[in-house]
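To start, the structure under review is shown below, and the notes come after it.
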Amino acid sequence: MSARRSEKPAKESSPAVTLNIEWLSDCAGCHVAIVDLHEKILTVLQSVSIQRCPVLTDIKDYPKATVGIVSGAIRTEHDRHAAEAMRKSCDLIIAMGSCAVYGGIAGAGNVHTREEIFDAVYANNKTTIPGATPKAMVSPLEATVTPLDSVIDVDLYLPGCAPHPAFIFDGLLALLEGRTPKATKETVCSRCKRAMEKTDVERILKISEGIADPDRCFLSQGYICMGSVTLDRCMSPCPQNGVTCTGCAGATMQVLTEPNRDIRTEIGERMAKLTKIPKDTIIREIERTSKSHYSYTMATSMIGEKPTFLIKKWIGNAEADYE
């Protein structure tokens, strides 16, 4: 018998692609969405080595990496410095989530000054001690809230609040494989099964009023739904489960890039054609609640700098109506 040659187990090589993750001004929902990849995260981890991640590691610096994922808007001076550090350390940057892509809900702060915000949060707030405004160990606020690409170059945009895990998975693989992501420019309506029908509805309804017909478009029933002006990065779960779209994945490219198109006028035209509600009435209602309907996108210059975007005037008119 010949002697058996001893076989040593092959040494596992570490993934060639390294990943840094940073978390700016947001709610951490995007990080939870990564975990929501479930078993698919194993496929990603076979090709990627996570080096820096605020919720997983205690690494404070920014090691050199192939890919960087940044969530959150630029709200503070710390956010700006962290974004710049990520850009310097990473070959490719993904702006993940609507806060990073458009400025997100933090963008509502642009309607107010920094002084007004601090006054509301600290000086005139029953839950805080008068005069206890933080001065040390808290990064100062920037003058305005802005998207990530206002500070650094971005290689891939992945909007959503949070993006659906399917889009996250495909976006990561696309970068690793050197291809274009499969994401399309379709709207939330493209996956919604509700039928647009002409009705005799004469007034705008709140979502709390009654139970909407599950087979008919919300607009046809008098409910303001933003599905027709919102990019699909969610797979349309809200309208398919009886909830109007709030526009969390951001406006469509048509609305963002064409100066003569606007969220309120686009919805107003469609809803007026499907009901007996005048277009001007619908537009006024969207203006009255503009902080909600523009909450995810008002910080991006593609919306905030449009000549038709007059949110301070709209809010002033709404406040006057209440007086």
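As an exercise: evaluate G109 against (1) within 23 Å of D155 (Cα to Cα); (2) part of a helix (DSSP H, G or I); (3) not acidic (D, E) and give the number of the one condition it does not meet.
In the conditions (1) within 23 Å of D155 (Cα to Cα); (2) part of a helix (DSSP H, G or I); (3) not acidic (D, E), G109 misses (1) alone.
Within region 112-154, which residues are within 26 Å of R87 (Cα to Cα) and assigned to a loop (DSSP other than H, G, I, E, B)?
M137, V138, S139, P140, P147, V151, I152, D153, V154
Tell me, which residue of region 236-253 that is assigned to a helix (DSSP H, G or I) and either in contact (Cβ under 8 Å) with a residue 60 or more places away in the chain or touching a Cys at 6+ places or on another chain (Cβ under 9 Å) (or both) is surrounded by the most Cβ atoms within 10 Å (Cβ to Cβ)?
In this case the residue turns out to be P239.
Pairs needed: first member in region 61-78, within 30 Å of I117 (Cα to Cα); second member anywhere, of a type in the set (F, W, Y) and at pLDDT below 95; C-beta distance under 7 Å; at least 6 residues apart or different chains.
S71/W23; G72/W23
If I ask for residues that are under 22 Å from D262 (Cβ atoms) and free of Cβ contacts under 8 Å to residues at least 40 places away in the same chain, which ones from region 208-224 would you list?
If the condition is that a residue be under 22 Å from D262 (Cβ atoms) and free of Cβ contacts under 8 Å to residues at least 40 places away in the same chain, then F218, Y223 are the ones that fit.
Could you tell me how many of the residues in region 210-227 are modelled with pLDDT under 95 and hydrophobic (A, V, I, L, M, F, W, C)?
Counting residues in region 210-227 that are modelled with pLDDT under 95 and hydrophobic (A, V, I, L, M, F, W, C) gives 2.
Taking the options A299, A272, A212, A249, name whichever one is of a type outside the set (D, E) and closer than 13 Å to C189 by Cα. Step through it out loud before you land on a result.
Details: A299 fails: closer than 13 Å to C189 by Cα; A272 fails: closer than 13 Å to C189 by Cα; A212 fails: closer than 13 Å to C189 by Cα.
A249 is the lone residue from the list that is of a type outside the set (D, E) and closer than 13 Å to C189 by Cα.
Take the residues in region 151-210 that are aromatic (F, W, Y) and touching a helix residue (DSSP H, G or I) at 6+ places or on another chain (Cβ under 6 Å), then tell me which one is nearest to G103 (Cα to Cα).
Once the filter is applied, the top-ranked residue is Y157.
For region 257-315, how many residues are more than 24 Å from S98 (Cα to Cα) and in a loop (DSSP other than H, G, I, E, B)?
Selection size over region 257-315: 4.
Please identify the pairs in which a residue from region 8-24 that is surrounded by fewer than 10 Cβ atoms within 10 Å (Cβ to Cβ) and in a loop (DSSP other than H, G, I, E, B) has its Cβ atom under 9 Å from the Cβ atom of a residue that is at pLDDT 75 or above and not charged (D, E, K, R), counting only partners at least 6 apart or on another chain.
Matching pairs, first to second residue: S14/S49.
Yes or no: region 163-181 includes at least one residue that is in contact with a Phe, Trp or Tyr (Cβ under 7 Å, 6 or more places away or on another chain), in the same structural domain as A100 (by TED's automatic domain parsing) and on the phi < 0 side of the Ramachandran plot.
no
Condition (residue is part of a helix (DSSP H, G or I), surrounded by fewer than 23 Cβ atoms within 10 Å (Cβ to Cβ), at pLDDT below 95 and within 18 Å of the chain's Cα centre (by Cα)) applied to region 228-235: is it met by at least one residue?
no
Mind checking whether some residue in region 163-173 is under 22 Å from T244 (Cβ atoms) and not in a helix (DSSP H, G or I)?
Checked against the condition, which is being under 22 Å from T244 (Cβ atoms) and not in a helix (DSSP H, G or I), region 163-173 yields at least one hit.
Just a yes or no: is a residue in region 61-77 among the β-branched types (V, I, T), surrounded by 15 or more Cβ atoms within 10 Å (Cβ to Cβ) and assigned to a helix (DSSP H, G or I)?
No, because not a single residue in region 61-77 is among the β-branched types (V, I, T), surrounded by 15 or more Cβ atoms within 10 Å (Cβ to Cβ) and assigned to a helix (DSSP H, G or I).
If R114 satisfies all but one of (1) over 17 Å from the mean Cα position of the chain (by Cα); (2) surrounded by 24 or more Cβ atoms within 10 Å (Cβ to Cβ); (3) not β-branched (V, I, T), what's the number of the condition it fails?
Of (1) over 17 Å from the mean Cα position of the chain (by Cα); (2) surrounded by 24 or more Cβ atoms within 10 Å (Cβ to Cβ); (3) not β-branched (V, I, T), only one is false for R114: (2).
Can you tell me which residues in region 139-185 are β-branched (V, I, T), in contact (Cβ under 8 Å) with a residue 40 or more places away in the chain and exposed (fewer than 15 other Cβ atoms within 10 Å of the Cβ)?
Result: T184, single match.
Just to check your reading of the model, which residue among A85, A95, A73 is at pLDDT 95 or above and over 22 Å from V32 (Cβ atoms)?
Working: A95 fails: over 22 Å from V32 (Cβ atoms); A73 fails: over 22 Å from V32 (Cβ atoms).
Unique residue meeting the criteria: A85.
Can you tell me which of (1) surrounded by fewer than 19 Cβ atoms within 10 Å (Cβ to Cβ); (2) touching an Asp or Glu at 6+ places or on another chain (Cβ under 6 Å) is the one I211 doesn't meet?
(2)
The values are calculated or read from the model by the stated rules, or taken from the named source; none is laboratory data. For clarity, every value in this text was computed on a predicted model and none was experimentally measured. Neighbour counts are summed over all protein chains in view; Cβ atoms, including those assigned to glycine, are modelled from backbone coordinates with ideal geometry.
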